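The values are calculated or read from the model by the stated rules, or taken from the named source; none is laboratory data. Quick caveat: nothing in here was measured; it's all calculated off a predicted structure. Every residue, glycine among them, receives a Cβ derived from its backbone with ideal geometry; neighbour counts consider all protein chains shown. For accessibility, only protein heavy atoms count, side chains too; no ligands or nucleic acids. Shrake-Rupley method; radii C 1.70, N 1.55, O 1.52, S 1.80 Å.
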Amino acid sequence: MKIAVMGAGAIGGYFGGRLAKAGFDVSFIARGAHLAVIRKNGLKVLSPLGDFTIHPATVTDDPAEVGPVDVILFMVKNYDTLQAAEQIRPLVGSDTAIIPFQNGVEARAMLSNVLGARHVLGGVAFIPASIQEPGVIKHNAELAKLVFGEFDKQITPRAVAFLDALEKAGVAGEIPADISMVLWSKLMFLTSMSAINCITRQPVGLVQSDGETIALYMDAMREVAAVAAAHGVSLGEEAIANNMALAKSFPPNNKTSMFQDLEAGRRLEIDYLSGAVVRLGREKGIETPIHRTAWVAIKPWINGPPTT
C-alpha cells in the first residue's frame, strides 16, 4: 500500500511514522523547518507506546514528486483545506481514498468539490500530540486511534485494506457503522474543549476538576448535539457522557491544538470549530450562545495576537 501524509504535523507525523516503521511506502508532505529537519535527521516520534525514528524518511513539499497513492491522510489545518486540495491532485488516482483527519465536519464538502466525492471518506483521529520541535513529534498519552469510513456506510475494499495496514502497524483503527456520527461526536468534544481552553487559558485539568467548568463544558456539548440533530445526526446524552469520560482520561496538562496555537501566536481554527457550530446552527434556527460567545471572544486572535 502506498500512502501519502498531506500535512505531516503532530497527528500526521505520528500515524504516518507508525505506518512507515511497519514497512509501508509512506511519503510525508511537509514544509518549512519541519521539512528541513526531517530531510536531514529523519522523523522522530516520542511516545509512551515506544519511541522511534524514521530515517531516512521520504519527505517533500511537492506532491507531484510522489505521484498517485492508495490512501491520502489529509492532515492540514482547516483554513488550508482548499489550497491543499489543489496541491494533492497529483496524488489522486482512480480509486485513491482521501481521508481528512481534521477538526470539524466541513472538510467533506470542500474536498468533494475539488477532487470528487467518490474519493472522500470521513475520518477522526483520537490522539493527544504536538510538535515538540521541528522533526520531533511528542505523543502525550497512550490514546492513539484512527476511526474512518465511507459516508454511504459501505465497507469497501479500500477501507478494509487501510484498516489492515493500521493493524500491521500496531495502530488502533475502526470502521464504524456511521462515520458521520463519529465526526459530529468529535466536533462536540473538541469544539467545546477548545473553547474552554482558550477562554480560560487553562488546559484540560480545569474541565476535570472544577464543577462550574464541567457544567459549562457539558452545556457546550449539548449545543453541538442540538445542531447535529437538526442536521440529521442523533447523538444525545450518551455521547455527552462518553465525551466527558474521554476528557477525564487525558493528562491534566493536555491542551487542544487550538489552545497550543493561541499560546504560540499562530493562526487559529476558531471559524471551523465554535464558528462552525454557530453557522450550522443558524442554518437550522438553533441558538448556540456558548459557542457564539467563544467564537466572538477568540476571533480577535484568529491571525495571531491583535496588533491594536
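May I ask you to verify whether residue 208 is open to solvent by 40 Å² or more (accessible area, probe 1.4 Å), in a loop (DSSP other than H, G, I, E, B) and either more than 22 Å from residue 73 (Cβ to Cβ) or at pLDDT 95 or above (or both)?
On the way: open to solvent by 40 Å² or more (accessible area, probe 1.4 Å): yes; in a loop (DSSP other than H, G, I, E, B): no; either more than 22 Å from residue 73 (Cβ to Cβ) or at pLDDT 95 or above (or both): yes.
Against the criterion (open to solvent by 40 Å² or more (accessible area, probe 1.4 Å), in a loop (DSSP other than H, G, I, E, B) and either more than 22 Å from residue 73 (Cβ to Cβ) or at pLDDT 95 or above (or both)), residue 208 does not qualify.
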- Task: Can you tell me which residue among 182, 124, 160 is within 18 Å of the chain's Cα centre (by Cα), among the β-branched types (Val, Ile, Thr) and farther than 25 Å from residue 31 by Cα?
- Result: 182
- Message: Quick test for you: out of 59, 37, pick the one residue that is more than 17 Å from residue 166 (Cα to Cα) and in a strand (DSSP E or B).
- Response: 59
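What number of residues within segment 15-26 satisfy the criterion of being farther than 21 Å from residue 132 by Cα and either modelled with pLDDT under 95 or surrounded by 15 or more Cβ atoms within 10 Å (Cβ to Cβ) (or both)?
Counting residues in segment 15-26 that are farther than 21 Å from residue 132 by Cα and either modelled with pLDDT under 95 or surrounded by 15 or more Cβ atoms within 10 Å (Cβ to Cβ) (or both) gives 3.
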- Condition check for residue 170: of a type in the set (Gly, Ala, Ser), surrounded by 15 or more Cβ atoms within 10 Å (Cβ to Cβ) and either on the phi > 0 side of the Ramachandran plot or outside any helix (DSSP H, G or I) (or both): no
- Can you run down the residue pairs with Cβ atoms below 8 Å, 6 or more apart or on separate chains, where the first is in segment 260-272 and among the charged types (D, E, K, R) and the partner is buried (at least 20 other Cβ atoms within 10 Å of the Cβ) and part of a loop (DSSP other than H, G, I, E, B)? 261/268; 261/269; 263/255; 269/103; 269/104
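When the residues of segment 135-157 are filtered to those that are in contact (Cβ under 8 Å) with a residue 60 or more places away in the chain and part of a loop (DSSP other than H, G, I, E, B), which remaining residue is most open to solvent (accessible area, probe 1.4 Å)? Give the steps one after another, and end with the answer.
Of all residues in segment 135-157, those in contact (Cβ under 8 Å) with a residue 60 or more places away in the chain come to 135-144, 146.
Right, trim to part of a loop (DSSP other than H, G, I, E, B) and you get 135, 140-144.
Details: 135: 2, 140: 57, 141: 21, 142: 130, 143: 55, 144: 15 Å².
Applying the filter and picking the extreme gives 142.
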- Task: Would you mention how many residues in segment 276-290 are within 22 Å of residue 109 (Cα to Cα), touching a residue at least 24 places away in the same chain (Cβ under 8 Å) and touching a helix residue (DSSP H, G or I) at 6+ places or on another chain (Cβ under 7 Å)?
- Result: 5
- Members of segment 251-275 that are out of contact with any Asp or Glu (no Cβ under 6 Å at 6 or more places or on another chain), of a type in the set (A, V, I, L, M) and open to solvent by less than 50 Å² (accessible area, probe 1.4 Å): 262, 270, 273
- Task: Could you tell me whether residue 220 is closer than 21 Å to residue 249 by Cβ and without any contact (Cβ under 8 Å) to a residue 24 or more places away in the chain?
- Result: no
